[in-house]
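The values are calculated or read from the model by the stated rules, or taken from the named source; none is laboratory data. Only a predicted model underlies this, so the values are computations on that prediction, with no experimental measurement involved. In this analysis, Cβ positions are derived from the backbone assuming ideal geometry, glycine residues included, and neighbour counts consider all displayed protein chains.
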Amino acid sequence: MTRQPNPWAALSALCLGFFMILLDTTIVTIAIPAMVRDLNTSLNSVVWVLSVYLLTYAVPMLFTSRLGDRFGPKRVFLAGLAVFTLASLWCGLSGNVEMLITARAVQGIGAALLTPQTLAFITHLFPPAKRGPAMGMWGGVAGLATIAGPLLGGILVDGLGWEWIFFVNVPIGVIAIVLTTILVPDWQPKQSHSFDILGIVLSAAGLFCLVFGIQNGQQYNWGNVFGPVNIFEIIGAGVLLLVAFVVWQRFNTREPLLPLRVFNSRNFSAGTVTAVAIGFSITGMFIPIVLFVQEVLGLSPTRAGLLTAPMSLLSGIVAPFVGRLSDKVNAKYLVMLGFVALAAGIGVIALQAEPGMNPWALTPALLLAGLGTGCIFAPMSNVTMSSVDRSLAGAASGIFNTSRQVGGVFGSAAIGVLLQARITAGMAANHGNVPAALTDAAREALILPVAVLLLGAVAAIAMKRVTRQDPVPANPEPARA
């Protein structure tokens with residue numbers, strides 16, 4: 001007789017793996033200054049440590065979600081855990097930034113294998129009437145990772161060195177592999193998918209060229225990179241490859257990675273734009289803030305983590321209430337409120353930033369940003385996914401989550417290059433005064449996420465109130481630090 005699996009025990013094992021990959025999106029930012037010093041490298045190189053993880057996490061996700069349908073979600077989840085855990089060990093052992101970037105790219109592939117399977121298991125293990133509490137547990141784990149990342153990262157960097165923000169994943173990964181093997185059923189959907197290889201290649205190559213061109217423009221003085229090929233030609237190639245990808249999706253009659261008919265829903269189209277905007281802004285805002293509070297105000301990584309933790313904590317407290325409220329009112333107004341509050345919080349931080357200021361004076365603005373973040377994710381997911389045809393719900397969820405990750409890639413790349421340019425200009429304008437130059441650069445870099453957030457608020461205006469359906473849920477990921 002086959003033993004009936006305990007759905008909550010299985011979900012706990014799955015959430016441990018999910019916690020680990022989310023921890024790695026939040027824990028690294030706090031270690032940026034330490035990595036620049038210890039690896040004797042540039043800010044641009046360390047920003048690549050962030051960007052390459054987000055890039056290799058985002059690009060394959062539409063593909064890896066289908067691997068679970070063919071080979072079984074448990075097996076793909078375990079493969080992702082194994083890849084991520086071994087790559088974490090490789091990251092910690094890296095002796096130079098080039099090796100670290102390579103290892104982080106492999107980490108992102110592991111995360112891409114793992115993430116979609118958790119959604120598939122929630123819909124398999126729990127009937128619709130009981131899925132809300134399961135999604136609440138999943139969202140709570142995301143919130144816990146958001147809070148734990150900066151704090152744990154700060155403690156590890158101060159006490160043991162930046163390498164340990166990666167080594168800590170190894171025991172967590174081993175435990176997650178053992179628990180998943182024991183507690184999670186070997187469910188086999190056995191759905192045969194055709195894999196859009198050309199779509200995968202075009203989207204990956206296009207995004208890589210765009211991100212490489214944007215992030216490395218300052219390093220190459222916006223000129224030649226190798227031979228006669230210059231930065232603008234690489235960016236142009238990226239745009240052309242992505243246009244070719246969209247055209248191919250239009251004419252691919254089998255199973256395109258990006259079924260374009262999902263964008264016939266106005267809510268889904270507007271929601272995808274807001275997802276890109278929030279991914280861009282949350283990833284982009286923390287890089288200048290962390291640099292300012294550590295390098296200008298002199299906070300240790302631990303104290304920097306403590307400073308930003310209340311933002312994530314408030315976001316996690318507010319989100320469940322706003323999620324329930326989004327079923328009762330027009331959710332687009334909650335999304336707009338969240339975008340405006342987050343933009344206002346970041347804007348106040350930019351206005352307050354001064355060398356020698358009390359860092360805790362930033363707390364009210366950070367709390368305002370946390371309030372805004374808590375108002376965005378649940379209603380944004382609700383209004384985006386609720387009007388999608390059920391036959392497209394799986395593809396729509398994958399596109400929606402991928403959009404946020406892609407926004408994060410461009411956020412880290414754009415903020416990285418802007419910071420480099422403004423630090424260089426600031427050093428000249430301030431006659432070599434490093435704190436003044438870094439402060440000016442951080443202030444100006446924060447203007448970009450504010451502008452993107454306001455565009456996101458405008459996009460939310462296009463959303464219309466819908467009757468709630470029961471599609472595959474989108475990932476309610478709170479603020480990253």
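Of all the numbered requirements in (1) over 25 Å from ALA425 (Cβ atoms); (2) free of Cβ contacts under 8 Å to residues at least 40 places away in the same chain; (3) surrounded by 23 or more Cβ atoms within 10 Å (Cβ to Cβ), ALA277 misses one, and that requirement is (2). Looking across region 1-54, the residues that are free of Cβ contacts under 8 Å to residues at least 40 places away in the same chain and either among the basic types (Lys, Arg) or touching a Ser or Thr at 6+ places or on another chain (Cβ under 6 Å) (or both) come down to ARG3, ARG37. How about region 62-85: which of its residues are more than 20 Å from VAL141 (Cβ to Cβ), touching a residue at least 60 places away in the same chain (Cβ under 8 Å) and not basic (Lys, Arg)? Residues satisfying the conditions are LEU62, PHE63, ASP69, GLY72, ALA82. Counted as qualifying within region 23-122 are the helices (runs of 4 or more DSSP H) with 2 or more residues that are closer than 18 Å to ALA176 by Cα, namely 73-93.
Only one entry of LEU210, LEU202, LEU258, LEU240 meets the criterion of being of a type in the set (A, V, I, L, M), within 30 Å of GLY284 (Cα to Cα), out of contact with any His (no Cβ under 9 Å at 6 or more places or on another chain) and not in a helix (DSSP H, G or I), and that entry is LEU258. Return yes when SER315 is buried (at least 21 other Cβ atoms within 10 Å of the Cβ), part of a helix (DSSP H, G or I) and either modelled with pLDDT under 85 or in contact with a strand residue (DSSP E or B) (Cβ under 9 Å, 6 or more places away or on another chain) (or both) and no when it is not. Here the answer is yes, as SER315 does meet what is asked.
Name the residue, out of LEU100, LEU39, LEU43, that is touching a Cys at 6+ places or on another chain (Cβ under 7 Å) and over 29 Å from ALA396 (Cα atoms).
Selected residue: LEU100, the only one of LEU100, LEU39, LEU43 that is touching a Cys at 6+ places or on another chain (Cβ under 7 Å) and over 29 Å from ALA396 (Cα atoms).
Considering each residue of region 57-79 in turn, at least one proves to be surrounded by fewer than 18 Cβ atoms within 10 Å (Cβ to Cβ), of a type in the set (Lys, Arg) and more than 28 Å from PHE292 (Cα to Cα). Does GLY347 satisfy being surrounded by fewer than 24 Cβ atoms within 10 Å (Cβ to Cβ) and over 22 Å from the mean Cα position of the chain (by Cα)? No, not satisfied. Within region 331-355, the set of residues being within 12 Å of ILE461 (Cα to Cα), in contact with a Lys or Arg (Cβ under 9 Å, 6 or more places away or on another chain) and either outside any helix (DSSP H, G or I) or aliphatic (A, V, I, L, M) (or both) comprises ALA331 only. Taken over region 253-278, the residue count meeting the criterion of being more than 26 Å from ALA414 (Cβ to Cβ), in contact with a Leu (Cβ under 8 Å, 6 or more places away or on another chain) and not basic (Lys, Arg) is 2. Being at pLDDT below 80, touching a helix residue (DSSP H, G or I) at 6+ places or on another chain (Cβ under 9 Å) and within 19 Å of PHE280 (Cβ to Cβ): is that true of PHE410 here? No: the conditions fail for PHE410. Within the option set LEU260, LEU183, being closer than 30 Å to GLY149 by Cβ and of a type in the set (A, V, I, L, M, F, W, C) holds for one residue only, LEU183.
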